[in-house]
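*Asks:* So that we are looking at the same thing, I have put the structure below in structure tokens.
No value in this document is a laboratory result; all are computed from the given coordinates. Predicted, not measured: the structure shown is a model, and the values here were computed from it. Glycine gets a Cβ as well: all are built from the backbone with ideal geometry, and neighbour counts include every protein chain shown.
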Amino acid sequence: MNNRHIILIAFALALLSGCSNFDPQAYVPGLETPTSTPTLETPTLVSITATLPITPTTDHGNKSTVVCTNIPGGKLNVRFEAGDKSVVRGYLAEGETVTVSEDQKELDGNLWVKLSRPIEGWVNSKYLCEAVSP
């Protein structure tokens, strides 16, 4: 065996011994290595507030609704025209009360409704929920 082979074997052993994923049991049959018992985390309960989605009908009659992106601190884009490609006019915060006018359009399988307050513009109705009275 020449020096090149010895250096190659030494290098391979050095790599294997320093590898954190090296499993000696896979190379030496019958060798048992102690394993740690995984600990399970206690699940955390999260409070979820149910909201009723806005019903896509032609009669919104200036009903009050709220923004429900279902993202804490989420923002809803209000656009100049209906559709994802229209320029954003402003933003509404999660839970903010809005007034839906009677105008609506269906584009690409989504119902877009026009808001009259607090900002006039178009939003995707899937991000609006009917306001629930306490």
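*Asks:* Mind counting the residues in the range 81-134 that are part of a loop (DSSP other than H, G, I, E, B) and of a type in the set (S, T, N, Q)?
*Replies:* If we filter the range 81-134 for residues that are part of a loop (DSSP other than H, G, I, E, B), which is where we start, we get 81-87, 94-96, 108-109, 118-120, 131-134.
Next cut, of a type in the set (S, T, N, Q) only: 86, 133.
Of the residues in the range 81-134, 2 are part of a loop (DSSP other than H, G, I, E, B) and of a type in the set (S, T, N, Q).
*Asks:* Separate question: Search the range 68-80 for residues being of a type outside the set (A, V, I, L, M) and outside any loop (DSSP other than H, G, I, E, B), and hand back the single one that is surrounded by the most Cβ atoms within 10 Å (Cβ to Cβ).
*Replies:* So in the range 68-80, the residues of a type outside the set (A, V, I, L, M) come out as 68-70, 72-75, 77, 79-80.
This time we only want the ones that are outside any loop (DSSP other than H, G, I, E, B), so: 75, 77, 79.
Working: K75: 16, N77: 17, R79: 19.
In this case the residue turns out to be R79.
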